[in-house]
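Everything on this sheet refers to the single structure shown next.
The values are calculated or read from the model by the stated rules, or taken from the named source; none is laboratory data. Treat the numbers as computed from the prediction; the structure is a model and nothing was measured. When we count neighbours, we look across all protein chains shown, and the Cβ atoms used for this are built from the backbone with ideal geometry, even at glycine.
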Amino acid sequence: MRKVLFTALIALSCAAPGTTTRSESPDASTTVPPRESGGPSSQPTTGTAGIADAGVLFFFSGSKAGWSRLDAASGRLTDIGYASVSVQAETSQGIYLAGQGSAALLRWDGALDPTYDCGGGGFTSFNAAGACVSFGSHTGPGPLPITVFHTAPVAVRLPSDSRPRIVLPADWGAVGAALSPESTRLAVARVEAPYPTADDQPFRMSLWIVEADGVARLLYRPAPGRGLPLRWSFDGKYLTGIEARPGDSVLRLLLLEVASGQVTDLGNAPTLTESMAWAADGRLALVRGSGSVTWRDKELVVRERDGSERVLTPQGFVGFAPAWDPARGRLAWIEGPSGDGAGYLVGIGVGDRRVVVSNLAGDTTEIRCPGRVVEGVRWSRDGDALLLLCRRSGATSDVFELWLHRLNPPAAPTAVRVATGLGWDGYFDQQTGVAPSLSTSVAWSRALP
């Protein structure tokens, strides 16, 4: 099969959900019942006592090749079984998961629908409301010369639907798609004729908006070989995505206004899953830099609604993995010294990482994992707590732990370990410092009936 030049675009649009709304109002159901976990100590275990307010967490264990559910109130750890590996949305109905050519619905009580039907496409994406779209193909267009660019039909399924419905026919050339936050519009990346006649020629691509009435309008047609924006802002006014030219290793982050089609180049884009985050009020936090090495060439930038920008990371430091507080509009991110990588694994030099929390009005707080290195952060829905991904410095197995950090603790300790033995060692790139994502590998709710 011929190697397709837009592979990186598809991976980015599928792996990273739209800025995910974290619901904390579980709605129980029953599909496939969970089972109590047991087994050796290498399996996931709960942390210290006094973690009841951590709520319910789900996390995917690479070593077990399946999901686990932790009920912090009871300390009960339950094996859920295998399902798609990437969290795409968390709603009151449950947790929507996606993988290549697969999707699943995991209920907050642990019941699992492992074959949630989003359509016959090779790729699936969800919006924050749990609506899904399937598109594209595993196989690519086939050998040259290409006369028809074969693709699966584009299908959409809303949470209230019993099955998906086709909105674009087969062989329309759709290789990427994303539903708007309100689920009324669909952004579709399309490969168009004339097709390449040689392996080194780029594809001609375009971006279309399919309205609720089924009418498709051309929004943007870049030069051949470029990627297209496929991630929506909260208000549905903008799309963001990666621009990639053949032979050019530098990626660019694009901002595209849906109403006018105006395109703004936001600068170099790193190859990191968590490199940007939309706030509900329209602000955009983005990582500007190149490559995937986390300890160099990574500055954190906030773009305001009026288009002005400011850099949050000081000189000599890197910043990445931005996360907005859904309750108060604060921003948290991972920050550490920049350098050549020396000392990273043992937690010194570039490995001296911390969480920075800022209200963007001058007040900042640094938070660290006790005796460990912090590698990831996410907010609770009420903004009163943070979930931290902590790495044991110098460890060679069971590297990662989950910690709860309380921002307004009444009498309880500020930080407590919630879970260890996550089985994430194989998802840790020691050469770049890229750790598992708390947005796609963990689902979290602190509000239970």
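One line per residue, one yes/no per condition, for (1) among the hydrophobic types (A, V, I, L, M, F, W, C); (2) in contact with a strand residue (DSSP E or B) (Cβ under 9 Å, 6 or more places away or on another chain); (3) under 15 Å from Ala321 (Cα atoms); (4) in a strand (DSSP E or B):
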{"residue": "Ala342", "(1), (2), (3), (4)": "yes, no, no, no"}
{"residue": "Gly347", "(1), (2), (3), (4)": "no, yes, no, no"}
{"residue": "Gly426", "(1), (2), (3), (4)": "no, no, no, no"}
{"residue": "Trp444", "(1), (2), (3), (4)": "yes, yes, no, yes"}
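Per-residue answers, yes or no, for (1) loosely packed, with under 14 Cβ neighbours inside 10 Å; (2) out of contact with any Asp or Glu (no Cβ under 6 Å at 6 or more places or on another chain); (3) modelled with pLDDT of 95 or more; (4) outside any strand (DSSP E or B):
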| site | (1), (2), (3), (4) |
| --- | --- |
| Val374 | no, yes, yes, no |
| Leu388 | no, yes, yes, no |
| Pro409 | no, yes, no, yes |
| Val416 | no, yes, no, no |
| Ala419 | no, yes, no, no |
| Ser437 | no, no, no, yes |
| Leu448 | no, yes, no, yes |
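Residue count for the range 200-218 under the criterion of being in contact (Cβ under 8 Å) with a residue 24 or more places away in the chain and either surrounded by 10 or more Cβ atoms within 10 Å (Cβ to Cβ) or among the hydroxyl-bearing types (Ser, Thr, Tyr) (or both): the result is 9.
Of all the residues in the range 166-199, those that are surrounded by 13 or more Cβ atoms within 10 Å (Cβ to Cβ), out of contact with any strand residue (DSSP E or B) (no Cβ under 8 Å at 6 or more places or on another chain) and among the aliphatic types (A, V, I, L, M) number 1. Across the range 130-153, the qualifying residues are those that are of a type in the set (A, V, I, L, M) and modelled with pLDDT of 95 or more, and the one among them that is surrounded by the fewest Cβ atoms within 10 Å (Cβ to Cβ) is Ala131. Within the option set Val357, Val311, being buried (at least 20 other Cβ atoms within 10 Å of the Cβ), more than 30 Å from Ser397 (Cβ to Cβ), at pLDDT 95 or above and under 24 Å from the mean Cα position of the chain (by Cα) holds for one residue only, Val357.
Look through the range 82-99, keep the residues that are closer than 18 Å to Ser61 by Cα and at pLDDT below 90, and return whichever of them is surrounded by the fewest Cβ atoms within 10 Å (Cβ to Cβ). Checking each candidate, the answer is Tyr82. Scanning the range 80-127 for residues that are under 17 Å from Ala174 (Cβ atoms) and among the polar types (S, T, N, Q) returns Gln100, Thr124, Ser125, Asn127. Residues in the range 105-129 that are buried (at least 21 other Cβ atoms within 10 Å of the Cβ) and under 27 Å from Ala212 (Cβ atoms): Leu105, Tyr116, Cys118, Gly119, Gly121, Phe123, Thr124, Ser125, Phe126, Asn127, Ala128.
Looking across the range 166-183, the residues that are modelled with pLDDT of 95 or more and assigned to a loop (DSSP other than H, G, I, E, B) come down to Ser180, Pro181, Glu182, Ser183.
With a requirement of 1 or more residues that are under 24 Å from the mean Cα position of the chain (by Cα), the strands (runs of 3 or more DSSP E) lying completely within the range 190-305 that satisfy it span 204-210, 238-243, 251-257, 263-269, 276-278, 284-289, 298-303.
Of all residues in the range 333-347, exactly one satisfies the criterion of being under 19 Å from Gly371 (Cβ atoms), within 24 Å of the chain's Cα centre (by Cα) and among the hydrophobic types (A, V, I, L, M, F, W, C), namely Ile334. Of the numbered criteria (1) in contact (Cβ under 8 Å) with a residue 40 or more places away in the chain; (2) under 30 Å from Glu309 (Cα atoms); (3) more than 19 Å from the chain's Cα centre (by Cα), the one Leu168 fails is (2).
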